[in-house]
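Please read the structure below before turning to the comments.
All of the numbers you see were taken from the coordinates with simple rules; none came from a lab. Since the model is a prediction, treat every value here as computed from it, not as a measurement. Cβ placement follows ideal geometry from the backbone for every residue including glycine, while neighbour counts extend to all protein chains displayed.
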Amino acid sequence: MVIDSTGKPTKKAMQLAKKGWSQAKIDRWLSDRARMDDRAGERRHANTPDSLTLWSRIIADLLATPGVKHAGLLLHFYSGDVDSEWIDPIRETVPISDFETRLANIREGQLLMTG
């Protein structure tokens, strides 16, 4: 039986074995493929904003929408039913220019507003 680096048989490894590939060659191919996938993932991640920048952009875009005067984010980890859990947030309003910096330090139960 042909196995991958995790010890599990894979469809691709079995296909390669049927083509006459040795287990060592299959292992090398799987290892190379995993490295290429990792590098591709790193490149995708390098071209995307981190979540602070992403959320700051979303808030800025909301504020650019006609009729929207205020926008914000609430950090809350639910421990029960969304419909019945009581939330009493601590509200803080900051200028949009400080939103991303302040967002980096947001705490549980805090509502960060701008507008």
Determine which lysines satisfy two conditions relative to Lys11: a Cα distance under 24 Å, and not lying fewer than 8 residues away in the same chain.
-> Lys19, Lys25
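Can you compute the FRET efficiency between Asn105 and Asp38 using 1/(1 + (r/R0)^6), with r the Cβ-Cβ distance and R0 = 25 Å? Round to the nearest 0.05. Walk me through the numbers on the way to the answer.
Numbers: r = 32 Å, r/R0 = 1.27.
Working from the Cβ atoms, E equals 0.20.
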Rounded to the nearest 0.05, FRET efficiency between Leu63 and Ser84 (Cβ-Cβ, R0 25 Å) equals 0.20
Loop GluC sites (Glu not before Pro), region 67-115 (other Cβ atoms within 10 Å of the site Cβ: 15 or fewer; DSSP) | Glu85, Glu108
Could you run the Karplus curve 6.51 cos²θ - 1.76 cosθ + 1.60 with θ = phi - 60° over region 54-70 and give me ³J(HN,Hα) per residue in whole Hz, x for Gly and Pro?
-> 4, 5, 5, 5, 4, 5, 4, 5, 4, 5, 7, 6, x, x, 8, 9, 9
